[in-house]
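The values are calculated or read from the model by the stated rules, or taken from the named source; none is laboratory data. Keep in mind it's a predicted model, so treat the numbers as computed, not measured. FYI the Cβ positions are ideal-geometry reconstructions off the backbone, even for glycines, and counts take in every protein chain you see.
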Amino acid sequence: MSTGFDRAGGDGLRRGERALVVLPDRSSEPNARTTDARLEEAAGLAEAISLDVADRVYFRIRQPRPATLFGKGQVEEIAARAEAAEAKVLVVDAALTPVQQKNLEDGTKAKVIDRTGLILEIFGERAATAEGRLQVELAHLDYQAGRLVRSWTHLERQRGGFGFLGGPGETQIEADRRLIRDRMARIRKELEQVKRTRALHRDRRKRAPWPVIALVGYTNAGKSTLFNRLTKAAVLAEDLLFATLDPTMREIQLPGFDKAILSDTVGFVSNLPTELVAAFRATLEEVASADLILHVRDIHHPDSDAQKTDVEQVLTSLGLGEGDGGPPRLEVWNKIDLLGGDDQEAVLNEAARRDDVVTLSALSGEGTDGLFTRMGQMLREGASVHHLRLPAGDGQRIAWLHRSGEVLDSRSEGDEMFLAVRLSPENWQRWQSL
């Protein structure tokens with residue numbers, strides 16, 4: 001599915017097209033990331049939709065220009081660099097207004113795509129499920145609606161009073177805006193139905209004896225590689241930003257549990273477009289209903305701490321901040337194999353002092369046994385012993401107790417069974433709903 005950037009850009013984006021990546025560095029904005037790391041991420045976003053990044057550059061922006069964002073001299077330099085690199089696409093790592101986008105295209109003679117449009121394009125390519133495609137389309141229509149003036153100037157002519165699309169004197173652009181609003185309303189209704197269906201599935205899982213573990217983390221932190229390692233599945237795991245879009249669920253075995261459900265989710269990113277935060281809230285609700293959250297971090301990345309902050313901010317927006325009473329959280333420091341001797345030793349020593357961290361390499365499998373053990377321990381934390389009496393013939397519920405908890409004692413008296421069972425708070429709730 002394409003997000004339709006071809007309308008905004010005229011001729012559309014083609015795979016392998018040469019691109020110039022430009023980062024506006026606004027000195028007044030605090031940012032924990034280095035300029036090089038931000039440029040590297042922007043280039044990674046461009047490469048994720050198969051653009052050929054021919055050059056990258058950043059400019060210090062002291063006073064953003066309403067018409068072009070960049071100063072006049074900077075626009076001229078960007079145009080010269082694009083021409084020298086034979087770049088037909090200009091990727092600006094910032095949110096541009098429709099006017100800024102149009103003026104930059106005029107000034108550089110290149111198709112311009114901003115950070116929001118770029119991420120929408122990636123999500124459009126990655127969406128695999130019906131829900132994912134609906135969410136992408138909704139986000140894109142929201143983005144596109146504000147760019148009709150800029151991109152569909154040939155539609156400014158008046159529409160006549162005949163036909164079913166518009167009344168007397170309605171301009172084509174007004175009709176197109178109305179069509180977009182109507183389509184967005186239909187998509188929202190469809191998504192509400194999907195949301196209700198997902199809620200029913202979550203309710204069924206809550207009644208089942210299996211805990212749900214959600215993987216979250218910055219995009220490209222190694223979540224899908226870890227997911228594949230733990231589940232022996234074959235989810236797309238490439239060295240690309242947003243390689244996974246739709247949540248995927250698989251069964252895993254954990255010490256002390258019959259089984260558990262592992263959920264892989266879309267990667268987070270800094271400055272995620274507001275259109276997408278809203279559109280993908282339903283997808284991320286899987287995280288809110290989990291019994292345990294694994295925050296996968298690329299501990300080798302120079303901006304690992306800043307990436308952690310971005311993930312925490314998104315979780316907080318979902319009501320899953322540290323003090324919000326959400327599911328327990330375990331940090332998984334991934335890519336430990338990429339660290340050098342002294343750096344690796346320092347990271348391992350720090351992790352050893354904390355009980356909310358495990359270290360591993362999802363690629364090699366080193367450390368995954370420790371992760372399995374720690375997940376089992378955390379899911380059993382807070383477990384209490386319950387003394388239960390039930391009919392001896394209730395084999396289904398007795399089997400449930402053996403699968404879901406630790407049966408410490410059992411005895412039968414006549415037609416009744418008496419059991420002492422250690423259950424987690426979540427499984428105790430599930431037992432009460434059986």
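Give me a count of the residues in segment 386-424 that are in contact (Cβ under 8 Å) with a residue 60 or more places away in the chain and out of contact with any Pro (no Cβ under 6 Å at 6 or more places or on another chain).
Kept after step one, since they are in contact (Cβ under 8 Å) with a residue 60 or more places away in the chain, are these residues of segment 386-424: 400, 403-404, 406, 424.
Remaining after also requiring out of contact with any Pro (no Cβ under 6 Å at 6 or more places or on another chain): 406, 424.
Residues flagged as in contact (Cβ under 8 Å) with a residue 60 or more places away in the chain and out of contact with any Pro (no Cβ under 6 Å at 6 or more places or on another chain) within segment 386-424 amount to 2.
With the condition kept exactly as written, say whether any residue in segment 342-363 is within 24 Å of Asp291 (Cα to Cα), in contact (Cβ under 8 Å) with a residue 24 or more places away in the chain and exposed (fewer than 13 other Cβ atoms within 10 Å of the Cβ).
Scanning segment 342-363, I find at least one residue that is within 24 Å of Asp291 (Cα to Cα), in contact (Cβ under 8 Å) with a residue 24 or more places away in the chain and exposed (fewer than 13 other Cβ atoms within 10 Å of the Cβ), so the answer is yes.
Look through Gln158, Gln144 and report the one residue that is among the polar types (S, T, N, Q), touching a helix residue (DSSP H, G or I) at 6+ places or on another chain (Cβ under 9 Å) and modelled with pLDDT under 50. Full working, then the answer.
Numbers: Gln144 fails: modelled with pLDDT under 50.
Matching residue, one of Gln158, Gln144: Gln158.
Name the pairs: first residue in segment 36-58 and in contact (Cβ under 8 Å) with a residue 24 or more places away in the chain and within 23 Å of Glu83 (Cβ to Cβ), second residue of a type in the set (Ser, Thr, Tyr) and in a strand (DSSP E or B), Cβ to Cβ under 7 Å, at least 6 apart or on different chains?
These pairs meet every condition: Leu39/Tyr58.
Give segment 331-376 a look and list any residue that's in a helix (DSSP H, G or I) and among the polar types (S, T, N, Q), or say none. Spell out the reasoning first.
Quick first cut of segment 331-376, residues in a helix (DSSP H, G or I) only: 336-338, 341-352, 368-376.
Listed by number, the residues that qualify are Gln344, Asn349, Thr368, Thr373.
Please verify whether segment 52-70 includes one or more residues that are surrounded by fewer than 18 Cβ atoms within 10 Å (Cβ to Cβ), in a helix (DSSP H, G or I) and of a type outside the set (Asp, Glu).
no
Output the number of the condition that Val421 fails; it satisfies all remaining conditions of (1) outside any helix (DSSP H, G or I); (2) out of contact with any Leu (no Cβ under 6 Å at 6 or more places or on another chain); (3) surrounded by 10 or more Cβ atoms within 10 Å (Cβ to Cβ).
Exception for Val421: condition (2).
Filter segment 85-101 for residues that are touching a strand residue (DSSP E or B) at 6+ places or on another chain (Cβ under 8 Å) and part of a helix (DSSP H, G or I); which is farthest from Glu47 (Cα to Cα)?
Among residues in segment 85-101 that are touching a strand residue (DSSP E or B) at 6+ places or on another chain (Cβ under 8 Å) and part of a helix (DSSP H, G or I), the one farthest from Glu47 (Cα to Cα) is Gln100.
Got a number for residues in segment 82-117 being out of contact with any helix residue (DSSP H, G or I) (no Cβ under 9 Å at 6 or more places or on another chain) and either closer than 16 Å to Asp55 by Cβ or not assigned by TED's automatic domain parsing to the domain that holds Ala54 (or both)?
3
Criterion first (crowded, with 16+ Cβ neighbours inside 10 Å and touching a residue at least 40 places away in the same chain (Cβ under 8 Å)) does Ala82 satisfy it?
yes
Does Glu426 meet the test of being of a type outside the set (Gly, Ala, Ser), modelled with pLDDT of 90 or more and not assigned by TED's automatic domain parsing to the domain that holds Leu254? Walk me through how you get there before you give the answer.
Working: of a type outside the set (Gly, Ala, Ser): yes; modelled with pLDDT of 90 or more: no; not assigned by TED's automatic domain parsing to the domain that holds Leu254: yes.
In short, no.
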